[in-house]
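Have a look at the structure below, then the notes.
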Amino acid sequence: MSEKSSNQMWGGRFAAGPDAIMEAINASIGFDKRMATQDIAGSRAHAAMLAAQGIITPSDADAIREGLLTVLSEIEAGTFQFSTALEDIHMNVEARLSEVIGEPAGRLHTARSRNDQVATDFKLWVRDQLDAVEGGLLALMRALLGQAEAGADWVMPGFTHLQTAQPVTWGHHMMAYVEMFARDLSRVRDARKRMNECPLGAAALAGTGFPIDRHMTAEALGFDRPSANSLDAVSDRDFALEFLGLASISAIHLSRMAEELVIWSSAQFRFVTLSDRFSTGSSIMPQKKNPDAAELIRAKIGRIMGANVALMTVMKGLPLAYSKDMQEDKEQVFDAADNWMLALAAMEGMVRDMTANRPVLEAAAASGFSTATDLADWLVRELNLPFRTAHHVTGSLVALAEKKGCDLPDLSLDDMTAVHDGITEAVYDVLGVHNSVASRQSYGGTSPVRVREQIARWKDILG
């Protein structure tokens, strides 16, 4: 096949032939330039350690560290010229450093490899992202606490199977999400602790013969300790997988809440009104106010979980130590991190801005025979019926109310005694939704007393 025919097969972008394809598939600078800050921090720590150990001179180390700050300032100012030919952020920075300070730049890579360098940079980036996620989760939890405190005693329907089950309080429902996102927060903090071991100094895979001090670089970069096995240090991407795993769980939580906001803001429910800041109109239907932010949050789980599956698939068959496959780790994590942070911020904004429609919530709480369980419990407590018998009696009363087209509190006492002659006027005390929620005082229950206790506990925890 002629060179011309070959070039046509590669297509317009790769008119230069196979060399252009190899450069494109091999280069990662298009996405790993996001790690520039972490790369330069790692290199500055490495240079300081080399000087402290007498491996390079103090003057060379000073030149390297100052030159790296110059490179960083260029990157932050947007004047740095990234080169695909230099493959990645590490070589781009080192090449520019050489232009800035000359010969001392060539000493920076002593006693390290791109393998431990990239592992360190990536771990630093993920660690920074976990800190940002922690801030986002805390902000969302505080917004939920604000809603819970405002409506600690507002009644609303609680659902199972999206069918009215029992009355609960608005505050209790909001606090359910506080607990949910608190588990996400716990996983974030736990993952950060587990990943906080420094790969720098593991070199290519076997360590180095230079007398380096890995504890010094680990401490300088805020790690708890250096990683204990050089093979594992350069081949480990558990920290990235764990990040994507906990991002997936958190995105599920965000998606579940987003689904409720979509339902609650509909004309059929009218439980909440979302602010204009997080809604859009229709191009053709002027009456529409669409919960687009909630719907987009609901969709983010697809991208985040997809990234999780993609990286697990990349890592599942790799022998120790480093393989080029692992270059495929960063785009997945970067995309998931961006979408997780965006979803957290949007949900926090929606929760802070939304207005609960208290009268509608209360009316809905009383519908659908929501106090049937309270009636059954009353029959057990007051008439000493076995619960299964009480359940049967209550079911018969519900069927009677359905036949009459009314709710349980609307049945007359004669209606009730016709089903069981032991029922007295006192039964109506438990059939109101406010009485129902007030009675649920077990720990973790929906009673306003318990809800306010949980609000106070979480406000104390979060500060």
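Summary table below
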item: Output for the stretch 88-131, where each listed residue is among the polar types (S, T, N, Q) and more than 37 Å from the chain's Cα centre (by Cα); result: 98, 110
item: Only one of 338, 415 that is outside any loop (DSSP other than H, G, I, E, B), on the phi < 0 side of the Ramachandran plot, out of contact with any helix residue (DSSP H, G or I) (no Cβ under 8 Å at 6 or more places or on another chain) and not polar (S, T, N, Q); result: 338
item: Lone qualifier among 269, 181, 243, 223 - being more than 30 Å from residue 295 (Cβ to Cβ) and among the aromatic types (Phe, Trp, Tyr); result: 223
item: Residues of the stretch 73-121 satisfying the condition of being open to solvent by 30 Å² or more (accessible area, probe 1.4 Å) and among the aliphatic types (A, V, I, L, M); result: 75, 77, 85, 86, 91, 95, 100, 101
item: Those residues of the stretch 418-463 which are β-branched (Val, Ile, Thr) and assigned to a loop (DSSP other than H, G, I, E, B), in sequence order; result: 423, 424, 446
item: Matching residues, the stretch 196-226, being open to solvent by less than 10 Å² (accessible area, probe 1.4 Å) and on the phi < 0 side of the Ramachandran plot; result: 196, 198, 199, 200, 202, 217, 218
item: In the stretch 25-59, residue nearest to residue 332 (Cα to Cα) [restricted to those that are among the β-branched types (Val, Ile, Thr), open to solvent by less than 20 Å² (accessible area, probe 1.4 Å) and in a helix (DSSP H, G or I)]; result: 29
item: When residues of the stretch 320-349 are limited to those that are surrounded by 18 or more Cβ atoms within 10 Å (Cβ to Cβ), of a type in the set (A, V, I, L, M) and within 16 Å of the chain's Cα centre (by Cα), the one nearest to residue 202 (Cα to Cα); result: 333
item: All positions within the stretch 369-411 that are part of a loop (DSSP other than H, G, I, E, B) and either hydroxyl-bearing (Ser, Thr, Tyr) or exposed (fewer than 15 other Cβ atoms within 10 Å of the Cβ) (or both); result: 370, 371, 384, 386, 405, 406
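The values are calculated or read from the model by the stated rules, or taken from the named source; none is laboratory data. Everything numeric here is computed off the predicted structure, so don't read it as measured data. Here the Cβ is made from the backbone with ideal geometry for all residues, glycine too, and neighbour counts use every protein chain on show. Each accessible area value is taken on the protein alone, full model and side chains, heavy atoms only, with ligands, DNA and RNA left out. Shrake-Rupley method; radii C 1.70, N 1.55, O 1.52, S 1.80 Å.
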